[in-house]
Each structure stands twice: as C-alpha cells, then as structure tokens.
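The structure under discussion appears below in the form of structure tokens.
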Amino acid sequence: MGGKSKNWIWLVVVFIILMIYPIIFTKPFPRHLLIMIFLYGSMGLAWNIIGGYAGQISLGHAIFFGTGAYTSTLMLMKLGISPWLGMLAGGAVSIGIAFIIGYPCFKLAGHYFAIATIAIGEIAMVCMLNWDWAGSAVGLTLPILPEGFINMEFHTTKAPYYYIAFGFLIVAVLITYGVDRSKLGYYFKAIKGDLDGARSLGINTGRYKFYALALSAFLTSICGSFYAQYVLFIDPDSTFPLILSIILCLVATLGGVGTVWGPVIGAAILIPISEFTRIQFGGGGKGTDLIIYGFLIMIISIYQPFGVIGLAKRFKKKESP
Amino acid sequence: MQKGTSMLTPDIILQTVISGILMGCIYALVAVGLCLIWGLMEIVNFAHGEMLMLAMFTSFWAFALYHIDPLLSLPLCMIILFLIGVAVYFIVIRKLLKATFLAQILATFGLGIFLRYLAQFMWSPDFRVIKNPILSGNIGIGGIFVGIPQLVASICCIITFVLLYWFINKTEVGFALLATSEDREAANLMGINSHKMFALGWGIGAACLGVAGALMSNFYYIFPEVGFSFSLIAYVAVALGGFGSIPGSFIAGIIIGVVEFVTGLLIAPAFKYAFVFIIYLLVVFIRPQGLWGRY
C-alpha cells in the first residue's frame, strides 16, 4: 500500500506543477509546447483505447481528428454555433463514422485492418481536398471573434488554451483509467489477447470493438475541434494526413501500449523532440527536422518496442528477482 | 484523359483500359516486392515507396551525371537497389524479427520518412524529368495510341515477373525461400540459413523496385515524395491480391491500374485514387483474406 500512496503524492505534485506552469512561464513557446503535449497525449490515450487495449491497429485516426476540426469549424462559420457545441456535434459525427468504418472493417484481421484504415483515411483526404463547400484544398480560416470562453478564442494569451487542453488530458486519463479498471477493459484485453477465445466466452466481439472505436473516435474528434480553435486555420493536409495517424500510434507505442500513463509519457518525450528539431532544423524548407524525426521513430521502434513503461517494468523485475 | 463524357466513344474507353493495364503492370511489379517480403517474414515494408523513389533517382542521376539512358542503367539500378534492400534488412529489419506488429509498422514507416526527407535534403524537392530518353513517342495500332515508354515498361515488368516466378518456383534457392516462408524453424533445421534467405528476399524485393523505378523514370516525374502514392497502391495491391500470393498481387496490380484510369476518365481524375481504395475495401469486405490470400 505504501507504493500506492507514494504514487498519489507524485501525481498531486505533478498536477500542482502543471497548474502553476503558465504562471511561471509567460512566454508563448513554453506554453505552446505543453499544449501540444496535452493535445497529443489526449489523442494518444484515445488511440490507445482501440489500438492498445482492444488491439485493433488503426492507422486512420486522422479521420476523427479532421472530422472534429471540420465539424466545429463549419458549424461556427456557417451557423454561428459555439465551438463547444460544435465539439460535441463533431464527436457525435465521429461516432457515426466510427460505426460506418467499424461495421465492415472489424471483420478484417491484423494487417488487413491496418491497411483498410489507411485506405479509408486516404479516401477521406481526397474527398476533403475536393469538397468546395468545406474549403477544399485551400482550407478554412476561422473568423476572429471576441475573446472569451464561449467562443473558445483567446488572442492575447495562450493560458486559457493551456488549461482547456490540460482539462482534456485529465478527462482522457480518467476515461482510460476507468476503462482499464472496468469490465469493459477486460473485454478489450480479451479481444486483443485471443479473439476466438473471447468470442467463445460469450463476448460480442464486434460490439465491444465498436465501443472501443467509438470512445476513441469521440476523444480524438474533440481534440480536433480544439486544434481548430487553437490554430484558427485548418486544411486537409494538416487535419487528415496519414502521418498524424502514425504519430498517434507512435505516441502510444513510445510510452507503452495498453497502459494508462504510456501515451502521456510518450507525448511528453516525443513532442518536445519534434518541436525542438522543428525549431532548430526546420528552417529553409529542407526538411532536416523530418530526417531526424524519421530516424528517431525508427530507432525508438527498434530498440524500445514495449515503450518506456515496458522498460521500467523490466528494470524493476531485474532489481527484485 | 480530360475529355468530357460527350466524347466517350468505344475507342476512348479501350484506350483508357489499355493505358490502365500498362500502368497496372508497373504497380504489380512494385507490389510484388512487398508481397515477397511479407510472404517470407510477415513484415509490411512501409518504406517501400521510398525505395522506389531511390530507384528513380538512381536512374535519374545516372542520366544527368553520366548520360546513361535509363534503359541501359536498368541493370545498375537493379543491383544498387538489391544492395539497398539487403542493407535495410541487416541494419533495420533484422532487429525487428521478433518485435510486435506495431513496432514493425512504425520502424519501417520511420525509415520511409527518413529516406524521403534525406532525398529532399540532398536533391531538393524539385520535380525532375529525363529529357529525350531512347524510349519516347507514341505508337498507334488501329486508332489506339500507346506511349512507347509505357509499353516497354509494362513488357519489361511482365518479363521480370515471369523470371521472378520461375526463380522462386523452379530453382534451388527459390525452394529455400519458399521453405523459409513456410516454416522458418524447419528450414533452419534443414540447413537453410534463414537470415540469408530474408536478406535475399529483401534484396529481390528491392531489385524489383529497381526495375520498376528505372522504367518509370522514362515517363514519370522524379521527386522525393513520388513514393508516397505508389506505396499506398502497393499495400492495397498486396492486400487485394492476398498477402503472400505473388500471382494475386500481379492481378491486383492490373485491376488497380484499370480502375484508376477508367474512373479517372468516367468520373473525375481527382477521385481516381479514392475509387481504387473503394474497390479494395469492397473486395476485402466480401473476402477478408484478399482475392488469393492464404490466410
């Protein structure tokens, strides 16, 4: 029990540090960095529910991100509806899309599922590039509205974005924690571990895979809406690309697939690396940052396939045989 | 290809289908490398398109620096790509043999990003063409016009394909490859060095790309991101044909070529890849293991 209460103390300490962080760091960049970590951490957690717990490797999660970004933006621009409502609507649309994708795709195993999700992601990309009403390839620039919580636009400071993103991360962690400890989580793990075994025990595997995907899609979509409000410009290349889906997968893998804290740790490691290489080497349009990034992805996956949490566990086992 | 539906005559449709088949042969050759690697060791190479890009650049630089026509630099291209394939196996893939599916995806994807932007860094993102290659111009047969480079490319692809099929199914080394793909442990016990076989598989898979890349450099733009759409098509072709089935990926390649060209003509060029993916999805939903899949 001693170990558990120690963990709680650590969590509280980290929470307090993160709460006062924007007060200490008033410059935009440190805040931006943390916002990105929160955003990708939340999405990594979302991906983790379907990819980590239920074991269905989706490489098309950008669809849900893009759906969230576009739904809330279009509702704001065409109907003048608050992004908060648009965010929920985007989540609902994403669940619908999750159903359309999941119904046929869940019959596919392993690589076939992964490639089917890539294919669907690319179809979505092509459609968005050619859909004039939704801005097509030019993208959408969000209208500049008066600052405020209801409009979810803040022009003078990034601090409110920071707290909103932090809130999302906490919600995502709590949801994952809930899944991890509930019957649902055991069903997911059973599906991942042995599909036929799970089926023979009476688990409706199709339904539970759909639950996992829907939950994952909803969370990813919310992050997409937030991203649109944060950057105030969206286009298909920034919201629907395959690389985004891969990064979500990577964030979860780097930290530890199928664990509560894995994706958060993964984002906390990967996002600073990517932001710093972008700043250091990103200039001049030569893509040096992406060379380093690709190289790191490769090295991490080769040497750390079980993530930081896997490494820590192995280390612990060695210490106490 | 931009002709409206009012101009739709049987000739144009036939023309489009033939162009689709010619392109499909190249897709098939690109896909077969992926298919071979998968059949051998159950790894999907997500850097496949980038290796094709390297092949096209090899051919381009042989032309730009030493004035060797792509047709003549084809063997060179094949050898260089073979070596790249073997190197990739020993540097990256060997460490992933026992890794999870996820780690394999990410590692090869990372390799792809690395190669793509390395090429962009060294050679800039410009679009390049090979000017006045030996193979150029059109040939007309009964009102159907076919580009000579495309025609030669598809014929060479078919020849390569037949050679590959013969190599795998009729030679001793081919048997060893097949045995390793059937059962790695048993093959090891029979004295087949599975690492050698895997390296050979990667080499041959990449050499196929060398052939395809050299032939394509005659009529296709050469730029660092060229691989992306080809790799997507190659995954789809392999999954459509069924992972591990070499004839399957050949036929799937041709189906994809035809679908791409025909929907580009009948519906809209912008959506042609979307239709390729839709056809793929429809097939896998009906037959989850692909058309000729073993699993």
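The values are calculated or read from the model by the stated rules, or taken from the named source; none is laboratory data. Worth saying up front: this structure is predicted, and the values here are computed from it rather than measured. Reconstructed Cβ throughout: ideal geometry from the backbone, glycine too, with neighbour counts over all protein chains shown.
Some points to look at:
- B:Leu135 vs. criteria over 25 Å from A:Asp289 (Cβ atoms), at pLDDT below 90, under 22 Å from the mean Cα position of the chain (by Cα) and of a type in the set (A, V, I, L, M): yes
- Some residue of the stretch B:78-101 being touching a helix residue (DSSP H, G or I) at 6+ places or on another chain (Cβ under 7 Å), more than 23 Å from B:Ile168 (Cβ to Cβ), in contact (Cβ under 8 Å) with a residue 40 or more places away in the chain and more than 8 Å from chain A (Cβ to nearest Cβ): no
- Summed over the stretch A:121-134, the residues that are more than 7 Å from chain B (Cβ to nearest Cβ), under 17 Å from B:Phe275 (Cβ atoms) and touching a Leu at 6+ places or on another chain (Cβ under 7 Å) give a count of 1.
- Residues being of a type in the set (A, V, I, L, M, F, W, C), within 14 Å of chain A (Cβ to nearest Cβ) and within 22 Å of B:Ile84 (Cα to Cα) are represented in the stretch B:235-254 by at least one member.
- So A:Leu145, is it in a helix (DSSP H, G or I), away from every other protein chain (no Cβ under 14 Å) and not aromatic (Phe, Trp, Tyr): no
- Matching residues in the stretch B:34-55 - criterion: being within 12 Å of the chain's Cα centre (by Cα), closer than 21 Å to B:Phe223 by Cβ and in a helix (DSSP H, G or I): B:His48, B:Gly49, B:Glu50, B:Met51, B:Leu52, B:Met53, B:Ala55
- The residues listed here are B:Ile204, B:Ile251, B:Ile192; of these, the one that is outside any helix (DSSP H, G or I), of a type in the set (Val, Ile, Thr) and either surrounded by fewer than 24 Cβ atoms within 10 Å (Cβ to Cβ) or modelled with pLDDT of 85 or more (or both) is B:Ile192.
- Scanning the stretch A:50-87 for residues that are surrounded by fewer than 24 Cβ atoms within 10 Å (Cβ to Cβ) and aromatic (Phe, Trp, Tyr) turns up just one, A:Trp84.
- A single member of A:Tyr177, A:Tyr227, A:Tyr163 is under 28 Å from A:Gly121 (Cβ atoms) and either surrounded by fewer than 21 Cβ atoms within 10 Å (Cβ to Cβ) or touching a residue at least 60 places away in the same chain (Cβ under 8 Å) (or both), and it is A:Tyr227.
- Every test in (1) within 22 Å of the chain's Cα centre (by Cα); (2) on the phi > 0 side of the Ramachandran plot is passed by A:Phe166 save one, and that test is (2).
Here's the yes/no breakdown for (1) small (Gly, Ala, Ser); (2) more than 14 Å from chain B (Cβ to nearest Cβ); (3) without any contact (Cβ under 8 Å) to a residue 40 or more places away in the chain; (4) assigned to a helix (DSSP H, G or I):
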| position | (1), (2), (3), (4) |
| --- | --- |
| A:Trp84 | no, yes, no, yes |
| A:Ser94 | yes, yes, no, yes |
| A:Tyr103 | no, no, no, yes |
| A:His111 | no, no, yes, yes |
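- The helices (runs of 4 or more DSSP H) located wholly in the stretch A:231-313 that include 1 or more residues which are more than 10 Å from every other protein chain (Cβ to nearest Cβ), at pLDDT below 80 and under 25 Å from B:Trp123 (Cα atoms) occupy A:262-281.
- Yes/no for B:Lys131 being basic (Lys, Arg), under 25 Å from B:Gly253 (Cα atoms) and without any contact (Cβ under 8 Å) to a residue 24 or more places away in the chain: no
- Residue in the stretch B:72-80 that is touching a Ser or Thr at 6+ places or on another chain (Cβ under 8 Å), assigned to a helix (DSSP H, G or I) and over 18 Å from B:Ser154 (Cα atoms) present: yes
- Residue match in the stretch A:34-45 (condition: buried (at least 20 other Cβ atoms within 10 Å of the Cβ) and either in a loop (DSSP other than H, G, I, E, B) or out of contact with any helix residue (DSSP H, G or I) (no Cβ under 6 Å at 6 or more places or on another chain) (or both)): yes
- Of all the criteria given as (1) at pLDDT below 90; (2) crowded, with 17+ Cβ neighbours inside 10 Å; (3) of a type in the set (A, V, I, L, M); (4) assigned to a helix (DSSP H, G or I), the one not satisfied by B:Met122 is (2).
- Scan of the stretch B:108-123 for residues that are free of Cβ contacts under 8 Å to residues at least 12 places away in the same chain and more than 7 Å from every other protein chain (Cβ to nearest Cβ), ordered by number: B:Met122
- Test: residue in the stretch A:69-86 that is touching a strand residue (DSSP E or B) at 6+ places or on another chain (Cβ under 6 Å) and closer than 20 Å to A:Leu242 by Cβ: yes
- Test result for B:Ala103, among the small types (Gly, Ala, Ser), modelled with pLDDT of 90 or more and either under 20 Å from the mean Cα position of the chain (by Cα) or buried (at least 22 other Cβ atoms within 10 Å of the Cβ) (or both): no
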